[in-house]
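Take a look at the structure set out below.
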Amino acid sequence: MADEIPPVPAQQFQFVRAGDAPGAPLEWGKDEEQVRKAVSEALNARNVAFLLGAGCSSRVEEGKELGVPTMGPLAKEFCVVPTPTYDDDLELVPPPAWALDASDVEFLGKLGAKLEGTEYARNLERLMELLHSLRFVFTRSDKPEHVERRVKVETLIKKIQDFLWERCTNGAFAHGDGAVLKLYESFYRKLVMRDRSLPRPWVFTTNYDLFNERAMDRLGLPYANGFSGVVERRFNPATFRYALAEQLDLSNRKWSAVDGFVYLCKVHGSISWTEDDHGLFPVRETWPQDAPNKVMIYPTPAKQNSSLGSPYADLFREFQSHVVREQSVLITAGFAFGDEHLNNIIYQALTIPTFRLIIFADPDSPGEIAKLRALNDPRVWIIGGDGPAVGTRAHYFDIVVERFLPQRPAERIDDAVKLVLETFGRKTNEGDDGI
């Protein structure tokens with residue numbers, strides 16, 4: 001008798017509440033419904049906000065990045081001097097304009113910032129933080145050698161900005177692949193199921209790509225993103241106080257909130273924003289941009305000068321205003337808690353008894369997530385682990401949207417029809433007579 005092949009163990013994930021010790025993992029195909037019900041209940045809170053990080057815009061399939069890489073892969077790519085390459089005619093192919101050269105690496109090394117094997121090669125935010133700090137010092141010095149160093153530092157900052165512009169505008173998503181955009185569309189379809197009698201949901205994001213805006217535009221969803229105007233769209237934080245309503249009765253002036261309205265707040269800026277010399281808030285929104293020269297991207301958590309000035313002060317204030325409220329729920333996805341400004345606001349919100357924090361991340365992650373788990377706070381939920389298929393993860397954005405967010409009515413009907421076909425189709429295939 002041939003040896004029996006042992007059954008493949010089911011993929012498992014974790015739903016950690018109050019710092020639960022591991023030991024009761026959940027199985028895909030059997031237990032995800034209880035997580036979906038818990039998340040659905042949380043979404044019925046009076047004030048609901050999402051915080052979407054870099055992981056939401058990244059999607060790797062078969063080793064190919066279809067979206068925008070997260071900071072780790074971005075840093076790994078940028079911090080290496082490219083190897084010379086040649087075309088079919090053995091002509092040297094020039095490297096990208098943003099690529100580092102040996103003199104750049106040597107300059108940083110002399111300043112105590114070696115790239116190889118350090119945090120700078122693992123997190124591009126740390127390198128931006130260093131360069132902005134150096135520019136601050138050299139700009140305020142009258143030493144001749146510091147003038148030269150300032151020019152070099154500004155050149156390096158521009159290279160990073162050009163590199164980020166390239167990765168945010170010229171990927172697989174810009175050449176026909178719609179996987180990431182469709183995922184965002186699915187997210188917003190489910191988000192707008194919220195009861196119209198409750199305040200409209202807020203989506204905060206540290207990303208500066210345009211997946212959120214494109215998804216809502218394609219779905220025809222109205223949203224407020226802090227800008228007003230048509231020909232010249234300028235930043236105006238007062239628009240975050242506006243609501244969209246439809247008039248039900250012209251004679252009695254009855255109004256009702258429009259379904260599907262969303263507030264979008266990009267706390268780190270956007271590739272569609274540019275500095276402007278006019279107005280109280282000198283920031284404009286325009287697309288397409290012809291060059292990244294004035295694009296407002298600040299991918300560094302220690303950006304004190306930037307975060308304390310407009311529009312960033314206004315955006316962080318909106319985040320604080322809507323998180324630090326009674327009966328609030330904040331759901332994070334693709335966010336590794338690497339931004340101290342946002343972390344401090346979240347920790348402040350945890351002092352409010354009715355606040356709830358739902359984190360989609362690996363429950364065994366180190367750093368801030370480990371600290372939050374160690375609080376043993378029943379208001380802090382951490383959902384993550386293995387995904388339903390080998391190689392997938394439960395806390396990745398696609399699994400969060402497809403498996404853990406509430407199903408739309410149409411999805412429930414589709415599932416019911418599928419079950420009917422499977423059930424009665426199986427009987428027919430087994431030889432049962434039809435009626």
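What follows draws every value from the coordinates through simple rules; no lab data is involved. In this text, all values refer to a predicted model and were calculated from it rather than measured experimentally. Quick reminder, even Gly has a Cβ in these numbers, built from the backbone with ideal geometry, and neighbours come from all protein chains shown.
For the peptides 79-85, 114-120, the ranking by packing is 114-120, 79-85, with the highest mean count of neighbouring Cβ atoms within 10 Å listed first. The alpha-carbon of Lys182 sits under 18 angstrom from the alpha-carbons of these aspartates and glutamates, leaving out residues fewer than 8 places away in its chain: Glu61, Glu65, Asp209, Glu213, Asp217, Asp398, Glu402, Glu411.
How much net charge surrounds Tyr223 when only other residues with a Cβ under 10 Å from its Cβ are counted (Lys, Arg +1; Asp, Glu -1)?
Net local charge, Tyr223 excluded: -1.
In this structure, the residue pairs whose Cα-Cα separation is over 23 Å, taken from Lys110/Lys158; Lys114/Lys159; Lys110/Lys143; Lys64/Lys190; Lys76/Lys371; Lys30/Lys64, are Lys64/Lys190; Lys76/Lys371; Lys30/Lys64. Compared with the direct C-alpha span, the chain from Val230 to Arg218 gains 2.5 nm at full extension, assuming 0.36 nm per residue.
Our coupling estimate for region 361-368, obtained by passing each phi through the Karplus curve with A = 6.51, B = -1.76, C = 1.60 and θ = phi - 60°, is 6, 5, x, 9, 5, x, x, 5 Hz, Gly and Pro reported as x.
Highest first, please rank the peptides 24-30, 378-384, 233-239 by the mean number of other Cβ atoms sitting within 10 Å of their residues.
Packing order, densest peptide first, comes out as 378-384, 233-239, 24-30.
Highest mean packing first, where packing is the average number of other Cβ atoms within 10 Å per residue, the peptides 126-138, 43-55 line up as 43-55, 126-138. The H on the amide N of Asp276, modeled in the peptide plane, is under 5 Å from the matching H of Val283, Arg284, each at least 5 residues off or on a different chain.
Considering only Trp98, Val147, Leu108, the residue lying farthest towards the positive end of the dipole of region 86-164 is Val147, judged by Cα position with unit charges set on Cβ.
Between the amide H of Phe227 and those of Asn236, distances stay under 5 Å, these residues lying 5 or more places away or on another chain, with hydrogens modeled in the peptide plane.
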